[in-house]
Amino acid sequence: MSLGSSWISTFPGYYQALEVLKSIVTSALKTGKIPQHVAFIMDGNRRFARKHHIEVKEGHNEGFNSLAEILDICYKCNVKAISIYAFSIENFKRSPFEVKNLMKLCERKFQQIIDHNDLCEKYGIKLIVSGDLSLLPDSLKNVLTNAQELTKNNSNAILNICIPYTSRDDITHSIRDINENNQNNKVIVSPQNYIDSIDEDCISKHLYTKDLPPLDILVRTSNIHRLSDFMLWETHLTGIYIQFLDILWPEFGAIRMIWIILKWSFIQYYNQYFKSI
Amino acid sequence: MAETLDKSTTANATGNQLTSSNNSNDNSKNDNMLEYPEILKRKGFVPKDLSRSTKNPGKTGLSTTRNLIRSYVNPSTLVNDVVDLIPGHDKSSEEPNFREVLGYYFFHSILFIMLFFFSFYRGVQYVGNRLKLRFLSIAYNPSKSPQIIRDDVLKLPKIPKRVSSVLSLKPDQDEGGGVEGLINDSSEITAWCVAAGIQYLSIYEYNGVLKQRVPELRRSIHKKLSQYFGVNYVPNFVVKVPCLNLTFNGVDDDFDVQSQGFNNKPVIEISLLSVRDGRSTIVDLTKTMADLAVKNELVVDDVTIDLVDKQLTNLVGVEPDLIILFSPNLDLQSYPPWHIRLSEIYWEPDNDEVNYSVFLRALQKYSTCKVNVGK
């Protein structure tokens, strides 16, 4: 958090005051309009490590801590679903050593979630994994399926982990699924009827993200103005609030997130009261 | 009925609140009216006919507020513990008590105070942005000379090969609005691209009005290029409409390039895109593939990213390196989703006109970014 390192933080009772302020603001935000689905591209862990002269592994660790903080504040504000871009299919091109480390880290963190289950229990989070699981090592795959199985009855909120995911793969997967359905469906409806019934909704319903509410906010850190193959089908519509931030992911904290939600709800109220007249 | 509905869902009031707040989004017109929670009504705080004015109170207005109140009072918070200590307070009671209602309105007013101050901040920011844009448009003015643009671009370490610009149709009565304004803007951008040495330009406009006005667009581009490069050296260009598979060469169909005494090779290719090239093209592709699969001409396992990419590149075009939005905020307006994978997106906050300074700053931003797919 950027405020944590400034001179103000040296005052006694600073953190307590900050916590109280945070809880007042979240209670206030909760009474208004709140986004249904927020997606994050967690970019900049390695740059953070380079900047602070720590190991890449430590950088990823910092990223996880920052993620926990963000998840906490979002669920406190009653955000229904959160998607995180944990690992892209393209990321397999990184050095095998780093890929292995990342996989291990993911495995450890998700194992923690399963073992303690506090975050999921506290907010009633259902875990969903989006992506081509067949590309992952078996141990991680098992952990992820376990985690999904364990939380499948929770209904308050959703955490969607995109691993290993790319949006193009997702769209292709959807097209393939529709084709498969078509071939299996021959007896029930005639293929021609089925082909005629294909529309945008049909593709949306076959995406990995089919169970999630429509996207409201997309956040990307580290000042890169690109979507990098994440949620293309969802983001290209009018009304999606895309935020490109100029900080690295481990520096992203609760205060920034509150600020984004405040900006978003300002736009919603503005559109409701001024654009409709 | 609303009562039973509420009872069954108190357990996950949080989820309930979200769905009902969604309802209120849909019925935003009803929402402009003041909503009174049940408790106030029962105590006679609300005039009777006002409460009747909401059409189906159980479903939209009142239950929204009640659920909001209920979800605000998290079971773990102190407020509820205190409430439980009050003698005679029935824990199982479904009605939010007065304290809860008060708490809700207290925090709701805090929200509106925050939004009120935010609107001041936003106003200052808007004025700042407009001043900056004004200054930039004076500082960078191509004054219809390709030499100035060339000088600006030569300083950059790299320029994009394919540029896409997103334009929007403005109302007719605005300055530079209407279809004529749009055509003028498009030809202006074309001239900048030719001067900067960009070979491929795609122009996205949501409704596709440009596609219906291709002859005018070609004439306008020709006119603009002759203003920039001189009447004797008008560069040749190609206009493409990918969704109709049409290609137009030069200004007129009977335009004889040889008689111009100038190299007849087109220097720029302009493709016109609209919402039609987005999701609907992907849907059409899916239909074609399903059709082929039924005829056993396509195996499902053959449907790969490469195949889809090849087909969509044929149907719409190659993914642009840089997308320039000439809109006040970052709004992709249903731009073809397959084609924004690695494109750098540039927009200038609070800018609403097609301006050379925006174009140049987009190129400058692009020249500093580095694309590393996954690595």
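The values are calculated or read from the model by the stated rules, or taken from the named source; none is laboratory data. Computed from a predicted model, the values in this text were never measured in an experiment. Counting neighbours? That spans all protein chains shown, and the Cβs are built from the backbone with ideal geometry, glycine included. Each accessible area value is taken on the protein alone, full model and side chains, heavy atoms only, with ligands, DNA and RNA left out. Shrake-Rupley method; radii C 1.70, N 1.55, O 1.52, S 1.80 Å.
Annotations
- Here the range B:141-368 is treated with +1 on each Lys and Arg Cβ and -1 on each Asp and Glu Cβ, and its dipole about the Cα centre works out to around 540 debye.
- Amide H partners (placed H, <5 Å) of B:Lys161, local residues excluded: B:Asp321
- Each of B:Glu216, A:Glu19, A:Glu121 has its accessible area taken with a 1.4 Å probe; listed largest first, they run A:Glu121, A:Glu19, B:Glu216.
- For the range B:134-222, diffusion coefficient by Stokes-Einstein and Kirkwood Rh (Cα), 10 °C, 1.306 mPa s, µm²/s: 111 µm²/s
- Most fluctuating residue given options A:Leu119, A:Leu105, A:Leu21, as computed from a GNM of chain A linking Cα atoms under 10 Å: A:Leu21
- Rounded to the nearest 500, the 222 nm mean residue ellipticity of chain A from helices alone is -15500 deg cm²/dmol, with -39,500 (n - 2.57) taken per DSSP H run of at least 4 residues.
- Measuring nothing but how far apart in sequence close Cα pairs (under 8 Å, 6+ apart) lie, relative to its length, chain A scores a relative contact order of 28 percent.
- Neighbourhood charge, 15 Å Cβ-Cβ cut-off, centred on A:Asp211 and excluding it, Lys, Arg +1 and Asp, Glu -1: +1
- Across the range A:68-73, computed HN-Hα scalar couplings (Karplus, 6.51 cos²θ - 1.76 cosθ + 1.60, θ = phi - 60°) run 4, 5, 5, 4, 4, 5 Hz from first to last residue, x flagging Gly and Pro.
- Summed residue charge, Cβ within 14 Å of B:Tyr206's Cβ, Lys/Arg positive, Asp/Glu negative: +1
- Net charge dipole, the range A:1-95: roughly 240 debye, given to the nearest 20, about the Cα centre with Cβ charges of +1 for Lys and Arg and -1 for Asp and Glu.
- For the options A:Gly239, A:Gly13, A:Gly32, a Gaussian network treatment of chain A with springs between C-alpha atoms closer than 10 Å singles out A:Gly13 as fluctuating the most.
- C-alpha long axis of helix A:96-116 to longest principal axis of chain A, angle in °: 80 degrees
- When chain A is treated as a GNM with alpha-carbon contacts under 10 Å, the residue of A:Ala28, A:Ala86, A:Ala68 showing the greatest mean-square fluctuation is A:Ala28.
- Theoretical gain in end-to-end length, A:Val20 to A:Met103 [0.36 nm per residue, Cα-Cα removed]: 26.2 nm
- Top positive-direction residue, dipole computed over chain A with Cβ charges, set A:Asn65, A:Trp7, A:Ser134: A:Trp7
- Hydrodynamic radius (Kirkwood) for chain A, which is based on Cα pairs only, to one decimal in Å: 20.4 Å
- The range B:141-368: antiparallel DSSP beta bridges as a percent of all, rounded to 5: 15 percent
- Rg to Rh quotient for the range B:141-368, alpha carbon positions, Kirkwood Rh: 0.99
- Checking the cross-link pairs A:Lys51/A:Lys109; A:Lys141/B:Lys287; A:Lys76/A:Lys126; A:Lys275/B:Lys161; A:Lys93/A:Lys141; A:Lys210/B:Lys161 against a 27 Å limit on the alpha carbon distance flags A:Lys141/B:Lys287; A:Lys275/B:Lys161; A:Lys210/B:Lys161 as lying beyond it.
- Put simply, the amide H of A:Thr151, placed in the peptide plane, has neighbours under 5 Å in A:Leu127, leaving out anything fewer than 5 places away on its chain.
- ³J(HN,Hα) computed for each position of the range B:162-172 - Karplus, 6.51 cos²θ - 1.76 cosθ + 1.60, integer Hz, glycine/proline x: 10, 10, 10, 10, 9, 10, 10, 6, 9, x, 4
- Crossing angle, helix A:138-150 versus chain A [Cα axis fit, 0-90 degrees, rounded to tens]: 90 degrees
- Signed unit charges on C-beta, dipole axis of the range A:1-120, positive-most listed residue A:Thr26, A:Ala39, A:Leu105: A:Ala39
- Shape of the range A:28-150, Cα gyration tensor, a/c cut at 1.5: oblate
- Spin-label model distance (nm) - B:Leu292 vs A:Thr145, 7 Å beyond Cα toward Cβ: 3.3 nm
- One decimal place: the segment A:Ser155-A:Ser197 gains 12.0 nm when fully extended, by the rule 0.36 nm per residue minus the C-alpha distance.
- A dipole drawn for the range A:166-207 from +1 and -1 charges on Cβ atoms has a positive end, and of A:Ile203, A:Ile171, A:Asn182 the residue lying farthest that way is A:Asn182.
- Whether the range A:166-207 is rounded, prolate or oblate, judged on the alpha carbon gyration tensor where a/c under 1.5 counts as rounded: prolate
- Amide H to amide H, with H built 1.01 Å from N, B:Gly197 comes under 5 Å of no residue 5 or more places away or on another chain.
- Net length gained if the chain between A:Asp246 and A:Phe11 were fully extended (0.36 nm per residue, minus Cα distance): 81.8 nm
- 3J(HN,Hα) from dihedral phi, the range A:254-263, Karplus parametrisation 6.51/-1.76/1.60, rounded to Hz, x for glycine, proline: 4, 5, 4, 5, 4, 4, 5, 5, 4, 4
- Other residues whose C-beta falls under 15 angstrom from the C-beta of B:Ile159 contribute a net charge of +4, scoring Lys and Arg +1 and Asp and Glu -1.
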